[in-house]
Amino acid sequence: MESKRALNFSCCTDPKKQNEEKCDICLLAEFKAVRYGEFIVKKYKSTETLRCHYFCLLSATCIHQTGTPFAGIAGFRIQDIIDSFHEFREKQCVYCCQRSAPIKCCRENCDRWFHYICGYKNECLTQFCGAHESFCDEHLPEEYENPPQTQYVECEICFEQLPLGTDANYNPVAILQTCRVDECPPGLMHRDCLQQFAFSAGYHFKCPSCLSKDFKKDAEQHGIFVPSREAAWENEPGAFKDLHKKSCKAGDCSLAATKAANDLSRTVGCSVCGGQLIVKVEDANTCLCEACMDETFIKLF
């Protein structure tokens with residue numbers, strides 16, 4: 001239940017401070033945004049503060065999202081979060097044996113509880129869609145019984161070698177496949193790499209291999225959180241500084257010294273990035289700014 005509007009909480013970005021503060025849900029102080037979500041700091045009742053990993057909040061079995069999109073923390077009411085503590089505070093994590101394990105395996109008759117952080121390290125899966133169900137390592141969906149072959153295979157994003165199934169640190173949940181549809185080239189990716197891409201892309205998230213936006217649902221079912229927000233590159237300072245330039249920016253413009261160079265009715269935007277304006281040419285589809293005049297972009301036509 002995220003929103004396009006600014007969220008009404010802050011995210012702690014100071015690594016030293018993060019490691020000193022414990023998450024009020026799991027009571028652990030470990031921090032890594034790409035794995036456990038942003039570390040959220042929410043003020044309430046003027047003097048009180050709630051701190052938590054965002055993924056702990058999304059995955060906790062006993063914490064329900066009952067508010068409006070702008071209430072509490074992205075729809076999770078502060079009082080609901082606090083009231084839920086008594087339901088799992090004494091639950092012991094099956095992996096680290098520490099208390100305050102907020103996640104229960106969704107498989108029927110399984111009474112295993114764990115921290116999101118511990119689950120991440122021990123082949124557990126949380127689906128970031130629908131009911132946000134979580135599975136312990138003993139009850140993963142059937143598809144994980146036959147993990148893909150990774151020998152001589154590189155990650156589609158970072159191009160580093162993927163771990164082998166025989167490696168001691170091999171985690172089948174930490175390797176994701178591309179769309180797997182007919183027109184999509186087969187490929188594999190590190191979970192961390194794909195999650196970092198999701199954080200950066202936001203609404204523009206798509207399959208890195210075939211660029212299909214239908215990949216979002218599949219990625220969420222396999223443990224990737226895709227935030228509902230603009231892409232990080234669109235929020236960079238000056239990202240759109242050239243979008244409304246009112247003169248031709250072609251380096252060899254023959255009309256540069258004339259009024260015609262500033263006549264918007266005679267200019268078109270770059271057909272790739274839509275940014276820099278250039279005096280109209282015979283075919284607007286061939287209009288390219290200098291920044292896009294490389295072979296990679298030309299292949300898009």
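Of all residues in region 81-97, count the ones that are assigned to a helix (DSSP H, G or I) and either open to solvent by less than 50 Å² (accessible area, probe 1.4 Å) or not acidic (Asp, Glu) (or both). Final tally of qualifying residues: 6. Examine region 119-127 for a residue that is buried (at least 19 other Cβ atoms within 10 Å of the Cβ), under 20 Å from the mean Cα position of the chain (by Cα), part of a helix (DSSP H, G or I) and modelled with pLDDT of 95 or more, and state whether such a residue exists. Scanning region 119-127 turns up at least one residue that is buried (at least 19 other Cβ atoms within 10 Å of the Cβ), under 20 Å from the mean Cα position of the chain (by Cα), part of a helix (DSSP H, G or I) and modelled with pLDDT of 95 or more. Can you name every residue in region 42-76 that is over 21 Å from the mean Cα position of the chain (by Cα) and farther than 20 Å from residue 116 by Cβ? Hits for region 42-76 are 43, 44, 45, 46, 47, 48, 49, 66, 67, 68, 71. Taken together, the criteria place residue 100 among residues that are of a type in the set (Ser, Thr, Tyr), open to solvent by less than 60 Å² (accessible area, probe 1.4 Å), more than 23 Å from residue 224 (Cα to Cα) and assigned to a loop (DSSP other than H, G, I, E, B).
Only one of the listed residues (191, 180) is surrounded by fewer than 17 Cβ atoms within 10 Å (Cβ to Cβ) and basic (Lys, Arg). That residue is 180.
Could you check region 118-167 and list, in sequence order, the residues that are among the hydroxyl-bearing types (Ser, Thr, Tyr) and closer than 23 Å to residue 25 by Cβ?
120, 126, 134 - these are the residues of region 118-167 that are among the hydroxyl-bearing types (Ser, Thr, Tyr) and closer than 23 Å to residue 25 by Cβ.
Take region 64-75 and flag every residue that is open to solvent by 10 Å² or more (accessible area, probe 1.4 Å) and either hydrophobic (A, V, I, L, M, F, W, C) or outside any loop (DSSP other than H, G, I, E, B) (or both). 70, 71, listed by residue number.
If only residues of region 131-152 that are open to solvent by less than 80 Å² (accessible area, probe 1.4 Å) and under 21 Å from the mean Cα position of the chain (by Cα) are counted, the one that is farthest from residue 217 (Cα to Cα) is 135.
A count restricted to region 95-117 and to residues that are under 20 Å from residue 29 (Cβ atoms) and in contact (Cβ under 8 Å) with a residue 12 or more places away in the chain stands at 13.
Per-residue answers, yes or no, for (1) modelled with pLDDT of 90 or more; (2) surrounded by 14 or more Cβ atoms within 10 Å (Cβ to Cβ); (3) charged (D, E, K, R):
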{"site": "165", "(1), (2), (3)": "no, no, no"}
{"site": "185", "(1), (2), (3)": "no, no, no"}
{"site": "196", "(1), (2), (3)": "yes, yes, no"}
{"site": "202", "(1), (2), (3)": "yes, yes, no"}
{"site": "206", "(1), (2), (3)": "yes, yes, yes"}
{"site": "215", "(1), (2), (3)": "yes, yes, no"}
{"site": "218", "(1), (2), (3)": "yes, yes, yes"}
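The values are calculated or read from the model by the stated rules, or taken from the named source; none is laboratory data. Just so it is clear, the model here is predicted, and its values are computed rather than measured. Ideal geometry is used to build each Cβ from the backbone, glycine not excepted, and the neighbour counts take in all protein chains shown. To get the accessible areas, we keep the full protein, side chains included, count just its heavy atoms, and leave off ligands, DNA and RNA. Shrake-Rupley method; radii C 1.70, N 1.55, O 1.52, S 1.80 Å.
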